[in-house]
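Asks: Mind having a look at this structure? Questions to follow.
The values are calculated or read from the model by the stated rules, or taken from the named source; none is laboratory data. Please read these numbers as outputs of a predicted model, since none were measured by experiment. Note: ideal-geometry Cβ built from the backbone for every residue, glycine included; neighbour counts use all protein chains shown.
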Amino acid sequence: MSSAAANENGHVSGSFGRDYSISALDEFNSDLKTQMNSFLSLFNKKINDSKNELVSNNYIMIINDLKQQQQDLLKQIDTLTKVKEELEFENASELKELENLSKKNLELSNQQALYDNKKMELEDSINKLNESILNKEETIKALDSKLAKNRKLDVTELTKFETYLGLKIDALREDLLKFTFRNIDLNDYNKEYSFQLDLANENYKIVQTSPVINETDLAKIENHFNTHRELGKFLREIRSYFRSL
């Protein structure tokens, strides 16, 4: 059996002795439904707000984290940039030093080449000088031999010149002799004809004559004497020249 039954006036009689009208119940249900809907709407809004806030917080955290990563990366970039600049500076310094070393090495190589060329030139000059010395030594030996051979003859010739031709020899200096002839001029046997002979150099030179001998003839007499180096022959030649004046 039902705990409540409807009467003719539309009232419901409950088992607890209370009567409820249908319209009041419907109104209650309607209010309850409205309140429930309002609550659900508010609840959903709260949930959505919470979700949005959570998403926003997560987003902010992510953004902050990314910003922090960006700052860290910028610091790393700055550090790497400084390291790069230092390396570039060191590299530039090393390149400059290498260039200087290369230039120095080139200068040393050029100097070495100059020294080598100079050494070769000096060695060549020394070899030529040694050859010249050997040639001169051989020439001197030959002249010494010839002079030694002719010295005996010269003494005899000089004796003849002094005795018969009136020759007189005076040493003006160690390397300068004066030769004086007499008995040349048939009209005046005491008239003197003289010349000075310079022995300072390898080639002997007639530096003064009395009377004067012209330069062409004088050079010819000198060349003859320096070629044969026979004193007797030289004295005869110059005496003959004096007689021809």
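Asks: So in segment 205-231, with the set limited to residues that are touching a strand residue (DSSP E or B) at 6+ places or on another chain (Cβ under 6 Å) and within 25 Å of residue 163 (Cβ to Cβ), which one is surrounded by the fewest Cβ atoms within 10 Å (Cβ to Cβ)?
Replies: 210
Conditions tested, residue by residue: (1) part of a strand (DSSP E or B); (2) basic (Lys, Arg); (3) closer than 23 Å to residue 219 by Cα; (4) in the same structural domain as residue 223 (by TED's automatic domain parsing).
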{"site": "178", "(1), (2), (3), (4)": "yes, yes, yes, yes"}
{"site": "196", "(1), (2), (3), (4)": "yes, no, yes, yes"}
{"site": "202", "(1), (2), (3), (4)": "no, no, yes, yes"}
{"site": "208", "(1), (2), (3), (4)": "yes, no, yes, yes"}
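Asks: Whether any residue in segment 108-115 is at pLDDT below 85 and either more than 30 Å from residue 230 (Cβ to Cβ) or assigned to a helix (DSSP H, G or I) (or both) is what I want to check.
Replies: Within segment 108-115 (the criterion being at pLDDT below 85 and either more than 30 Å from residue 230 (Cβ to Cβ) or assigned to a helix (DSSP H, G or I) (or both)), the answer is yes, since at least one residue qualifies.
Asks: Which members of segment 229-242 meet the condition of being of a type in the set (D, E, K, R) and under 14 Å from residue 217 (Cα atoms)?
Replies: 237, 239
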